[in-house]
Amino acid sequence: MRIVEHCTLLKIVRPAAAAFLAAACCTAAGCNGPASEASGAPGGGRPPAQVRVAPVVQQDVQPEVIVVGTVVARRTSVVASGADGQVDQFLVREGDVVEEGQELSILRMVTTNLGIAEAEQVLAERQHELEELEAGSRVEERAEAIARMEAAKVARDVAARKLERMENLAEKGAANQDDLDDARERAEAAVKLFEAAEAQWEMVEAGPREEVIAVARARRDGQREHVEFLKAEKNKRTTVAPFAGVVVDEGTERGQWLSKGDPVATISDLLEEVHVIANVDQRELGNVQIGRKVQVVIEGAPQQEWEGTVLSIVPRSEWQSGSRAFPVKVAVPNRMVEGSGDRSIPMLTEGMLARVTFTGPKRNAVLVPKDAVIRSESGSLVYAVVPGDSSALPKARPVPIVDGPGYGPFVELLEGELQPGTQVVVEGGERLQPFAEIVIQDDPEQAESPSETSDASGEPLAPDE
């Protein structure tokens, strides 16, 4: 054996196994002094180890991951109070089945009702004011305006005739200038009074201006919206169920003061369908496929095995606390059993423990017999068979590996210098020294290959439970 060649393997193996191989090479090279010299003397060497071997194979596998989850209601709502006030009526108890829109609690309404009544009175007043303006002038107002206008017209005509007579007298010298000026002033005043009366009649005939009516209408509409606001606030004082469900927690009692946002009751749906929340490690998320059917096992339920559908993967883990698991939501149709009276009881209820099996996509993998893997604190390794020439025995070469999930009598090779078809030691490897000579024994019960362990349909291997 060329010790230097074997020791060069230290450059290509994983550091975890480097120390182990270094000690082996040192032993083979005679680093242990007299003891090694004695073993190398004629007739003093260790005899070849008797081992059994099996091949590394390549086969289609279908990985699975089993995750523990919790059954939760599809919908749960903490129904809160919409206003401040004292509870006048609390109408439900834990376990009650409620319909959508059913009243849960009612706050005292005395001051609320008084406020609405006052606002409605103001609204009625403003409505009447608007109607009065829109109706225009009354008949009596029109008659009065016409009478004033006709009286002013008569007075204007009388003043005009007196002025005319006075002007005739002044031409004949029968009237002085002062009487003429006085008659002229009275005629002019009568004309102005007539014009004012005519304008007043036109204003009464036209009715209120559009601007005045618009202001009155706006005041009426504003008051109407105020009444609606008060009624909406009143509705907030009655808490109703947001959906049909079961009361699972009471948050208040009659006589208790509630602030806006305080819980009144907690309602879960009728559990006709439940959700299972399972936290899947980020390394296994590739095995979770949205929309795929999954197997759910719930121990203790009247029916243990259920079928669910993957709904979603919540894209956020609790990384602040060090978790790298992501919640996966699985929908499971529930079944009902007859209970007391006419009420049905769901088989699956909130809080039950569930085991969900997620099946990943098929893939091709290199598989190593389980019996070939030697595990230690420094990692895992297998002994690969190095064939000898015509005059030498085969040797066992240590190969560090990273093994993955198990599939029947095999484990998946994630890292390691092993190719399909390589023979590895499956029995007797624990007592081997690196590069020790071995004698391969025939094994009638040699580990079967995946093709032999799979069924005739060629289905890929499933992982171990």
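The values are calculated or read from the model by the stated rules, or taken from the named source; none is laboratory data. All figures in this text were calculated on a predicted structure; none of them were measured in a lab. Virtual Cβ from ideal backbone geometry, glycine too; neighbours counted across all protein chains shown. Surface areas here come from the heavy atoms of the whole protein model, side chains and all, with no ligands, DNA or RNA. Shrake-Rupley method; radii C 1.70, N 1.55, O 1.52, S 1.80 Å.
Table for the structure above
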quantity	calculated
Any hit, region 75-83, residues being at pLDDT below 95 and either under 30 Å from Arg363 (Cα atoms) or open to solvent by 50 Å² or more (accessible area, probe 1.4 Å) (or both)	yes
For Ala392: the one exception among (1) surrounded by 16 or more Cβ atoms within 10 Å (Cβ to Cβ); (2) part of a loop (DSSP other than H, G, I, E, B)	(1)
Subset of region 200-223 [of a type outside the set (Gly, Ala, Ser), part of a helix (DSSP H, G or I) and within 30 Å of Arg148 (Cβ to Cβ)]	Gln200, Trp201, Glu202, Met203, Val204, Glu205, Glu210, Glu211, Val212, Ile213, Val215
All strands (runs of 3 or more DSSP E) inside region 267-357 with 3 or more residues being open to solvent by less than 70 Å² (accessible area, probe 1.4 Å)	273-281, 293-297, 305-313, 325-333
Criterion: aliphatic (A, V, I, L, M), within 21 Å of Pro263 (Cα to Cα), under 40 Å from the mean Cα position of the chain (by Cα) and not in a strand (DSSP E or B) - qualifying residue of Val87, Val79, Val92	Val92
Only one of Ala170, Ala159, Ala175, Ala143 that is at negative phi and open to solvent by 50 Å² or more (accessible area, probe 1.4 Å)	Ala143
Qualifying position, being of a type in the set (Val, Ile, Thr) and without any contact (Cβ under 8 Å) to a residue 24 or more places away in the chain, among Val240, Val215	Val215
Residue pairs meeting the criteria (Cβ under 8 Å; at least 6 apart or on separate chains; first more than 18 Å from Phe229 (Cα to Cα) and of a type in the set (Gly, Ala, Ser), in region 94-122; second open to solvent by 30 Å² or more (accessible area, probe 1.4 Å) and assigned to a loop (DSSP other than H, G, I, E, B))	Ser105/Leu91
Search result, residues across region 374-389 that are closer than 15 Å to Val426 by Cβ, touching a residue at least 12 places away in the same chain (Cβ under 8 Å) and either of a type outside the set (Val, Ile, Thr) or open to solvent by 20 Å² or more (accessible area, probe 1.4 Å) (or both)	Ile374, Ser380, Leu381, Tyr383, Ala384, Val385
Pair list, Cβ < 7 Å and 6+ apart or interchain, from region 290-310 residues that are over 15 Å from Gly69 (Cα atoms) and of a type outside the set (Ser, Thr, Tyr) to residues that are open to solvent by 50 Å² or more (accessible area, probe 1.4 Å) and assigned to a loop (DSSP other than H, G, I, E, B)	Gln303/Arg335
Residue within region 115-124 that is buried (at least 16 other Cβ atoms within 10 Å of the Cβ), at negative phi, in contact with a strand residue (DSSP E or B) (Cβ under 6 Å, 6 or more places away or on another chain) and not β-branched (Val, Ile, Thr) present	no
Residue match in region 134-145 (condition: touching a Pro at 6+ places or on another chain (Cβ under 9 Å) and not in a helix (DSSP H, G or I))	yes
Selected residue (only one of Val314, Val332, Val337, Val373 is of a type in the set (A, V, I, L, M, F, W, C), in contact with a strand residue (DSSP E or B) (Cβ under 7 Å, 6 or more places away or on another chain) and within 30 Å of Gln59 (Cα to Cα))	Val373
Selected residue (criterion: farthest from Pro346 (Cα to Cα)) from residues of region 242-266 that are outside any loop (DSSP other than H, G, I, E, B) and small (Gly, Ala, Ser)	Ala265
Flag for Arg93 being farther than 14 Å from Pro242 by Cβ, surrounded by fewer than 19 Cβ atoms within 10 Å (Cβ to Cβ) and among the charged types (D, E, K, R)	yes
Out of Glu131, Glu188, Glu205, sole residue that is open to solvent by 100 Å² or more (accessible area, probe 1.4 Å) and either at pLDDT 85 or above or not basic (Lys, Arg) (or both)	Glu188
